[in-house]
Amino acid sequence: MTKPPQILIVEDEILIAMDLEDMVAEMGGTAIASAYNIQTAIKLAESIEADAAILDVDVAGQLVFPVADILAARGIPFLFNTGHSAEDVLRARYKSAPICRKPTLPRQLKLALQQLLHAQSDHSGAHGALPA
């Protein structure tokens, strides 16, 4: 039996973070950690073994780019779940990262996460895919 995908969540709104944790669990994954500020998110991004991450762009007034850069360097895929308006900057800087616009429909976010994990498992041969 393969282990469920481990997902890092970076979101400063506690209720949204809890909804994301619930959504990941409903999909058969595990939210292994949630960060509510950039400092914690950076520490987790440097050390955690995650299959993917869900990142808000503006986390308590700070941009999530340092976290995204660490994850990208470690080969951990991520998607943005954001209300931030700089979509062109996100697309230019993180070409392969899906962008979900808040308020995101749960099925839209689930689909984006499933596709992200499926693409990762195709590249690495790892488990990581959530059931459809």
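The values are calculated or read from the model by the stated rules, or taken from the named source; none is laboratory data. Just so you know, these numbers come straight off a predicted model, no measurement behind them. All Cβ positions, glycine included, derive from the backbone under ideal geometry; neighbour counts span all protein chains shown.
Looking for something at negative phi, part of a loop (DSSP other than H, G, I, E, B) and in contact (Cβ under 8 Å) with a residue 24 or more places away in the chain - is there at least one such residue anywhere in the range 103-121?
Initially, the range 103-121 is screened for residues at negative phi, giving 103-121.
Next cut, part of a loop (DSSP other than H, G, I, E, B) only: 103-105.
If we keep only those that are in contact (Cβ under 8 Å) with a residue 24 or more places away in the chain too, we end up with none.
No, the range 103-121 has no match at all.
For the range 55-99, filtering for residues that are surrounded by fewer than 18 Cβ atoms within 10 Å (Cβ to Cβ) and assigned to a strand (DSSP E or B) leaves 4. Filtered by the rule that a residue be at pLDDT below 95 and more than 17 Å from Gln62 (Cβ to Cβ), the range 74-96 gives Glu87, Asp88, Arg91, Ala92, Lys95, Ser96. The residues listed here are Asn37, Asn81; of these, the one that is within 13 Å of Leu113 (Cα to Cα) and not charged (D, E, K, R) is Asn81. Checking each residue in the range 26-37 for being modelled with pLDDT of 95 or more and more than 13 Å from Leu8 (Cβ to Cβ) picks out only Asn37. Among the numbered conditions (1) at pLDDT below 95; (2) under 28 Å from Pro4 (Cβ atoms); (3) outside any loop (DSSP other than H, G, I, E, B), the only one that Ala45 does not meet is (1). So which pairs qualify, if the first residue must be in the range 28-51 and surrounded by 15 or more Cβ atoms within 10 Å (Cβ to Cβ), the second must be in a strand (DSSP E or B) and of a type in the set (S, T, N, Q), the Cβ gap must be under 6 Å, and the two must be at least 6 apart or on different chains? Taking only residues 6 or more apart or on different chains, the pairs are Thr30/Gln6; Ile32/Gln6; Ile38/Gln62; Ala50/Gln6; Asp51/Gln6.
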